[in-house]
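Asker: Input: one structure, supplied below.
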Amino acid sequence: MTEKIVLAYSGGLDTSVAIGWIHDATGADVIACAVDVGQGGEDLEVIRQRALDCGAVEAYVADARDEFADEYCMAALQANSLYMDAYPNVSAISRPVITKHLVKAAKKFGATTVAHGCTGKGNDQVRFEVSITSLAPELKCIAPVRDLALTRDKAIEYAERKGLPIETTKHNPFSIDQNVWGRAIETGFLEDIWNEPTKDVFSYTDDPAFPPVADEVVISFERGIPVAIDGRKVSALEAIQELNRRAGAQGIGRIDIVEDRLVGIKSREVYEAPGAMTLITAHQELERVTLEREQARFKRTVSDRWTDLVYDGQWFSPLKKSLDAFIADTQRYVSGDIRMTLHGGRATVTGRRTETGLYDFHLATYDEGDTFDQGSARGFIDIYGLAAKQAAARDVAFGNGEDLDAGEGRA
Ligand code: ARG
């Protein structure tokens, strides 16, 4: 029986050529699998037909939009996930859900191998392959661009020679990956890290320097999940989509960084994530009101680790799952409303309202109605500062006290 290979298919030049390229190199039948994670753009039915026209024996489209929003984007939101304090893990969270559907397709069609179109220099190859082996250790992986020397020039030559129904002349200078959580743009002139991104780099956001009138939005959360916008009930997917539109119009969520890849390369990355950045800003503020102080502190450590694991392709790893359980537990009281003004590239929180918060007006107020016992502060400070006081006394006794004159006479 002919071996079968499931290919992660995007509809672009590389993966279209990969169908025939893999067949020629291995003799296997290729099943193309496209996964909808809210990337927009071309109609997926058109993409499915193109895969068949390029020689796939089967072509399969999985609608993973709600699944991606509910289980992947919302997990990233609850973790306030920002790799290197900046990047909302846009591509990193899509690879595991895409892989899940590739593995499902492999089981359904009896394939032995899964193929993807990544190069050997990026994070995505790692994410796909580690996810594949985590879900189905028996499956093999190949990456035609990396393992079967499918370069761009060869792809163009192959597509023209075989008359494949795919545009080979329209060369996009950027490498783009997009889904509902955001959009990643790299390569081309962005590789000179002094170059400012030009207008054509962006598509989810308008120029924040020329914003329309300010847009006020109220986002309602239940247990760390957005459930309504301006009082209208929304699914997670709808919440992200609506905020992509509204925050995108204000130019919110543009990110331009030099990033540390897992494979050791520093690379220049431009992102647009208007919905994700707005939701993270709102969620973070609601956590400030609802999480207990020590829990909030420890959660930051957990979230950083979670974010690094996810970036590094360990979505299905045991540690990541254990951290998920911690994060889920912290969200018990993260319910309430956050009001924000979206304007000129910024999402600014202007109000919070919650029934499950820990903010107590009577403890906080400096006006009438104060219930805080200021008298007890004194004893607290005596004991809290005791260890430092003892150590300082010892320093003084041994002539090592703080030099109070240090810095004096500085020019
Ligand atoms: N550097 C980002 C990451 O590793 C984005 C990669 C996106 N891929 C692309 N072909 N532009 O998560």
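The values are calculated or read from the model by the stated rules, or taken from the named source; none is laboratory data. Keep in mind that what you see is a predicted model, and the values were worked out from it rather than measured. In this analysis, Cβ positions are derived from the backbone assuming ideal geometry, glycine residues included, and neighbour counts consider all displayed protein chains.
Asker: Strands (runs of 3 or more DSSP E) wholly in the range 1-91 with at least 1 residues that are hydroxyl-bearing (Ser, Thr, Tyr) and closer than 21 Å to Phe128 by Cα - which ones?
Answerer: Working: elements: 4-8, 29-36, 58-63.
Filter on the range 1-91 gives 58-63.
Asker: Take the conditions more than 16 Å from the ligand (Cβ to nearest atom) and either on the phi > 0 side of the Ramachandran plot or surrounded by fewer than 23 Cβ atoms within 10 Å (Cβ to Cβ) (or both) and apply them to Gly224. Does it pass? Outline the logic, then answer.
Answerer: Values: more than 16 Å from the ligand (Cβ to nearest atom): yes; either on the phi > 0 side of the Ramachandran plot or surrounded by fewer than 23 Cβ atoms within 10 Å (Cβ to Cβ) (or both): yes.
Yes; evaluated as a whole, the condition is true for this residue.
Asker: Go through Ala392, Ala406, Ala387 for me and flag whichever is aliphatic (A, V, I, L, M), under 48 Å from the mean Cα position of the chain (by Cα) and not in a helix (DSSP H, G or I). Let's see the steps before the verdict.
Answerer: Values: Ala392 fails: not in a helix (DSSP H, G or I); Ala387 fails: not in a helix (DSSP H, G or I).
Of the residues listed, the single one that is aliphatic (A, V, I, L, M), under 48 Å from the mean Cα position of the chain (by Cα) and not in a helix (DSSP H, G or I) is Ala406.
Asker: Would you mind finding the one in Ile219, Ile166 that is assigned to a loop (DSSP other than H, G, I, E, B), of a type in the set (A, V, I, L, M) and buried (at least 19 other Cβ atoms within 10 Å of the Cβ)?
Answerer: Values: Ile219 fails: assigned to a loop (DSSP other than H, G, I, E, B).
Ile166 is the lone residue from the list that is assigned to a loop (DSSP other than H, G, I, E, B), of a type in the set (A, V, I, L, M) and buried (at least 19 other Cβ atoms within 10 Å of the Cβ).
Asker: While we're looking at this one, here's another question. Taking only pairs six or more apart or across chains, which ones have beta-carbon atoms under 9 Å, a first residue in the range 248-271 that is closer than 12 Å to Ala184 by Cα and more than 10 Å from the ligand (Cβ to nearest atom), and a second residue that is of a type in the set (Asp, Glu) and outside any strand (DSSP E or B)?
Answerer: Correct list of pairs: Asp256/Glu196.
Asker: Please go through (1) assigned to a helix (DSSP H, G or I); (2) free of Cβ contacts under 8 Å to residues at least 60 places away in the same chain for Ser94 and return the number of the only condition it doesn't satisfy.
Answerer: Here Ser94 clears every test but (2).
Asker: Would you be able to tell me the number of residues in the range 303-319 that are more than 16 Å from the ligand (Cβ to nearest atom) and either touching a residue at least 60 places away in the same chain (Cβ under 8 Å) or of a type in the set (Lys, Arg) (or both)?
Answerer: Residues of the range 303-319 more than 16 Å from the ligand (Cβ to nearest atom): 303-305, 316-319.
Next, from what is left, pick out any that are either touching a residue at least 60 places away in the same chain (Cβ under 8 Å) or of a type in the set (Lys, Arg) (or both): 303, 305, 316-317.
Qualifying residue count for the region: 4.
Asker: Also, quick follow-up: Just to be sure before I move on: is Glu160 part of a helix (DSSP H, G or I) and loosely packed, with under 15 Cβ neighbours inside 10 Å in the structure I sent? Please lay out each step first, then the result.
Answerer: On the way: part of a helix (DSSP H, G or I): yes; loosely packed, with under 15 Cβ neighbours inside 10 Å: yes.
It is true that Glu160 is part of a helix (DSSP H, G or I) and loosely packed, with under 15 Cβ neighbours inside 10 Å.
Asker: Can you tell me which residue among Arg232, Arg223, Arg288 is farther than 17 Å from Arg352 by Cβ and either basic (Lys, Arg) or at pLDDT below 95 (or both)? Working first, answer last.
Answerer: On the way: Arg223 fails: farther than 17 Å from Arg352 by Cβ; Arg288 fails: farther than 17 Å from Arg352 by Cβ.
After applying the criteria, what remains is Arg232.
Asker: Across the range 339-381, what is the number of residues that are touching a residue at least 60 places away in the same chain (Cβ under 8 Å) and surrounded by 13 or more Cβ atoms within 10 Å (Cβ to Cβ)?
Answerer: Looking only at that region, the number is 15.
Asker: Of all residues in the range 299-341, which are in a strand (DSSP E or B) and under 17 Å from Leu77 (Cβ atoms)? Show your work before the answer.
Answerer: Step one: of the range 299-341, the residues in a strand (DSSP E or B) are 336-341.
Those that are in a strand (DSSP E or B) and under 17 Å from Leu77 (Cβ atoms): Gly336, Asp337, Ile338, Met340.
Asker: Continuing with the same structure: Just checking, which of Val57, Val90 is touching a Gly at 6+ places or on another chain (Cβ under 6 Å) and among the aliphatic types (A, V, I, L, M)? First the steps, then the outcome.
Answerer: Numbers: Val57 fails: touching a Gly at 6+ places or on another chain (Cβ under 6 Å).
One residue alone meets the criteria, Val90.
Asker: Residue check, Gln178 against (1) farther than 30 Å from Ala75 by Cα; (2) within 16 Å of the ligand (Cβ to nearest atom), all met but one. Which one?
Answerer: Here Gln178 meets the rest and fails (1).
Asker: Only one residue in Lys100, Lys170, Lys154, Lys108 is among the charged types (D, E, K, R) and either over 23 Å from Asp53 (Cβ atoms) or within 16 Å of the ligand (Cβ to nearest atom) (or both), so which one is that? Explain how you work it out, then say what you get.
Answerer: Details: Lys170 fails: either over 23 Å from Asp53 (Cβ atoms) or within 16 Å of the ligand (Cβ to nearest atom) (or both); Lys154 fails: either over 23 Å from Asp53 (Cβ atoms) or within 16 Å of the ligand (Cβ to nearest atom) (or both); Lys108 fails: either over 23 Å from Asp53 (Cβ atoms) or within 16 Å of the ligand (Cβ to nearest atom) (or both).
It is Lys100.
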